[in-house]
Structures are given as structure tokens and as C-alpha cells.
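Where a number appears in this text, it was derived from the coordinates with a stated rule and is not lab data. Because the structure is predicted, anything quoted here is derived from the model rather than measured. Note: ideal-geometry Cβ built from the backbone for every residue, glycine included; neighbour counts use all protein chains shown.
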Amino acid sequence: MLTTEQILALSPDDSSAKAAKGLLAPAKWPTLGYDETAIWGECQGSGSKPYQVSIDVSGPTFKCTCPSRKFPCKHGLALYLLLAQKQSAFTATAQPAWTSEWLSGRKDRAEKKAEKEAAKEAGIVAAPPDPVAAAKREAKRLDRMLTGAKDLERWLADLIKHGIGELPTKPSSFWRDAAARLVDAQASGLANGVKQMESLVNSGAGWPERLIAHMGRVQLLIDAMSRLEELPEPLRAEVRAAGGWPMEREEVLAEGERVTDVWMVCGQSFEENERLWERRVWLKGTKTVRHALLLDFSHGQRRYEQGFVNGTSFEATLAYFPANHLLRALLVDAPRMTQTTAGQAFAATSWDAALDEISDACARNPWLQRLPLGLAEAIPVYHEGQWTARDPAGREARMSISADDAWELAALSGGRAMTIFGEWNGEQWRPLTAWTKDSSQVAWTETVVTAS
């Protein structure tokens, strides 16, 4: 069973968590039940008919008949919190039809998906694609991407030629139009690179150095794309993905390296850009000690088929995207929950070893936007308006964290060393989860909103 803190960490925002706490009176729930696979309840709302709420505990995954667009909604959070805090209010009984039908539908979809993937792996396809036509389509797309890359190269050269001092005065349309041309060329990765340039120009003191470094990485990507056929296959896949042409799921399952392990959910982060939600779930294998990134997208609202909880672990097989630095992966089978705590994943990770991993990853793929960084023996410190994590030797890593979250982290630490996991973007470290030596845990679900 999840703890109260873990359940609240699933909340899409603070207001949902607060609203859920207001629904914890059992009197508001005329029906409360559970079994080994699900939790369900009916919550009386403003209407005459109560909302029907179900939770698949294997995810956990939530289902509610309320009109809320948040996921999970306050009713789903409240139901799970009730079980964690007042289990005596629940009855162990048979599932109601509205819960069993929902679970059955989820099971059927999962089985059909598994059958489809198994058939593909066995070479059983109804209509094999025409390899000649596929090659022509691939060549056409690649040609469009290369044309867009060359146009971007000339655009960057013009920026350097005329100087970058006036870039902060450029309107948003200046950057948006350049990015749109790259989207038309099917080079979305390069388009994102232009959007990041606008963010860097407006990032405050030191922006010229950060912008020039970023432009250098973009130029390096353009050079690599122009020599794509000369590159070894793992690096070729990396360059294609960085340019905006990732592999399809079927290709990854067919060609990617498969690893079975007990995976610890070390942290999650979300980013929204024009109503497109991106979720990053960071994992680490307990046996292989390998990192993995599960990347999911959802349009309109933060709703995903599979839920994950920071600080929990599950057994599963992952398929890594072919790459020069293996990181992004897909779930091959449904995760099976275990009892291991994620804080144990970094108990023996030294700062030197962690930073060596970051250095090696950047050398293998200089276009990685974020990297996992977990540090043991870290003490949160506030000095001259900046929060850092300090190791016993006095070395510091600058943290990107809100004031409220930073003080919560400091309170949990109490001035003592702890284990902190987060994302490293090349300059700052964004903490996502932290554990004390007695396994107390705190996690954050702060969302980054990217300007269009």
C-alpha cells in the first residue's frame, strides 16, 4: 500500500491535493470497497448521483465519472488517501460492475496490444510493408530534414555575422517563424533548438555564453546530419532522434536491447508546451545499476495509461532505444510491483562516480537535454540567494528549485547528509526526490511550462 506522501505526490497540482483532503470524511462516501487488485467508492457530489471512482492498484491508474480534466482528480486522490488512513471504513468484497467492467476493458486492451506485438516479433503481419516504397519515403523525409538543416545553418551564420547583442530585442515572431520552417521540414528537433535559443536569450546574466554554447551544439548536430551515412549505427540513431526523427515503437521493440530488472522509480517530471504534456519517468535497475528514461506524451491533459509512484519499484523488461548512450526505453511487459525502496538505489553512489557518468553520457551524446543525477551524502545549503547541494568535501551542485520546495528539503535534511535524485541540464540540477538515512522521503511534481 502506498503512503500518504506517495499518494499526494501523484496529485497534478497543489489545489487538487488540498481538495482531496477535504473529502476524507467516510460520510461523504456511501460506498467504499477493495480487493487485491482494485479500490472503489462512490463520492457524493453536488448532483443527485454520486461519482463512481475506481483505482487499479497495479499502476496505480484512476477512473472517475466526474467531469474534471485533471488526472488523477480530487476524488481519486481522496479515495486512495482514505484507504491509506482509514482502511477500516472499507469493505473487502466483490467489485461492482462499473469497476470490473473498467478493469476488464484495460485487461483486454493490454492483451490485444501484447498479441499484436508478439505477432510482429514472430514475423506475422497481415500486409508486409513495401520495402522499396518505405525506402523512398525515408529518403524523401531525410532530404527535407537536410534542406531544413542547411537553411538553419545559414540563419545561424547570419546571426553570428551581425552579432548577437541585439537578440534580446527581437520579437517572439522572429524565433517562432524560424522554428516553424524547421517543423515544415520535419526537423522538430532542430525547431526545438531554435525555441531554446529564445529562452536562453531571455535567461538573464550570462546569456551570451549560454547561447553561444547552445548554438555550437546545434551546429554540431547539423554537421552530423550532413554526414549521417558515414556514422556508425548507434550514433546515427542518436543523430536522427536529435534532429526530430525518433524510432517507432515497433522498431525499438524489434531492435532495442532488452533488460529485465527490478526498476526503481527515482523521480518524475512534467513539462507542458501548447497543451502537449511530456512526462519523464526516471528509473534505475537494482541489479544492473543502469538508468532508464520512460518518455510519454499526452495532449490536452496529464493523462497516461500507466501510473508510477516515486519511491516504489517494479519488475519488468525494458527495451532501450538504439543509441550511442542507452537511456530512453520502453516497457515491454506490464510492471509487477515489488517492495524495494528507491532510496537504496543511490546508497553507494559517490559524487565522483555520478559525475563521471554525466561526463561519459555527454561525450557519447552532446545533444542530450537532461540527464539523471543521483547524489548520496548531499546536504542542502542556502547561501547568498542560491540553493546548492554540498558534499562532505565541500563541493557544491547548484540546484534549480522553488523556495517552498527547498525549505521542505532542508527541513527533511535537518542539516544532515541525504540522498537526492534529480535532472541535470548541463548547468543546474533540478531535484525530484530525496531520502534521508532513515528512509524518510519527499518528492515534487512541479511542472515546467514551456513558452511557445
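Taking a point 7 Å out from the Cα of Ser104 in the direction of its Cβ, none of the residues of the stretch 27-58 has a backbone N less than 15 Å from it. Per-residue packing, averaged as other Cβ atoms within 10 Å, sorts the ranges 56-62, 413-419, 171-177 into the order 56-62, 413-419, 171-177, beginning with the highest.
How much FRET efficiency would the formula 1/(1 + (r/R0)^6) give for Gln85 and Ser15, where r is the Cβ-Cβ distance and R0 is 30 Å, rounded to 0.05? Could you put the intermediate results ahead of the total?
Details: r = 20 Å, r/R0 = 0.67.
Computed FRET efficiency for Gln85 and Ser15: 0.90.
Per-residue Karplus couplings for the stretch 61-70, computed as 6.51 cos²θ - 1.76 cosθ + 1.60 with θ equal to phi - 60°, are listed in order as 10, 10, 9, 9, 8, 6, x, 4, 9, 7 Hz, Gly and Pro entered as x.
With charges set only on the Cβ (+1 for Lys and Arg, -1 for Asp and Glu), what does the dipole of the stretch 249-339 come to about its Cα centre, in debye to the nearest 20?
Numbers: 12 positive and 13 negative charges, 62 e Å.
It works out to roughly 300 debye.
Cross-link partners of Lys28 among aspartates and glutamates, defined as those whose alpha carbon lies under 13 angstrom from its own and excluding same-chain residues fewer than eight positions apart: Glu42. Here Lys170 is the anchor, and the lysines within straight C-alpha reach of less than 23 Å, apart from those fewer than 8 places off in the same chain, are Lys150, Lys161, Lys195. Candidates Gln186, Met197, Gly243 compared by Cα position along the dipole of the stretch 132-243: farthest toward the positive end lies Gln186, with charges placed on Cβ.
Dipole of the stretch 4-106, Cα-centred, from +1 at each Lys and Arg C-beta and -1 at each Asp and Glu C-beta, to the nearest 20 debye?
On the way: 10 positive and 8 negative charges, 74 e Å.
I would put it at about 360 debye.
Rounded to 0.05, the FRET efficiency of the Asp35 and Glu250 pair, given R0 = 35 Å and the Cβ-Cβ distance, is 0.50. As a rough footprinting exposure proxy, the listed residues Leu152, Leu220 were ranked by other beta carbons within 10 Å of their own, and the order from fewest upward is Leu220, Leu152.
Each of Gly45, Val309, Ala411 was placed along the dipole of the chain (beta-carbon charges, centred on the mean Cα), and the one lying farthest toward the positive end is Gly45. Extension gain for Glu209 to Ala157 (0.36 nm times residue separation, less C-alpha to C-alpha distance): 17.1 nm. Of His383, Ile358, Leu368, whose Cα points farthest to the positive end of the dipole of the stretch 354-409 (charges on the beta-carbon: +1 Lys, Arg; -1 Asp, Glu; origin at the Cα centre)? Sorting the options by dipole projection puts first Leu368. Among the listed values (1) 136; (2) 189; (3) 176, the one computed from these coordinates for volume of the Cα convex hull per residue in Å³ is (3). From helices alone, the chain scores -12500 deg cm²/dmol at 222 nm; the rule is -39500 (n - 2.57) for each run of n ≥ 4 DSSP H residues, then divide by the residue total. Remark: spin-label model distance His383-Glu272 equals 3.7 nm, labels positioned 7 Å along the Cα→Cβ axis. Among Cys66, Cys43, the ranking by other beta carbons within 10 Å of each residue's beta carbon, starting with the fewest, stands as Cys66, Cys43. Of the cross-linked pairs Lys63/Lys113; Lys86/Lys284; Lys63/Lys284; Lys18/Lys86, which ones have a Cα-Cα span greater than 27 Å in the structure shown? Table pairs above 27 Å Cα-Cα are Lys86/Lys284; Lys63/Lys284. Considering only beta bridges that DSSP places wholly inside the chain, some 90 percent are antiparallel. Charges were assigned to the Cβ only: +1 to each Lys and Arg, -1 to each Asp and Glu. The resulting dipole of the chain about its Cα centre is roughly 940 debye.
The stretch 397-423 and the stretch 310-337 have their alpha-carbon centroids 27 Å apart.
Residues His325, His299 in ascending order of nearby Cβ atoms (within 10 Å, fewest first): His299, His325.
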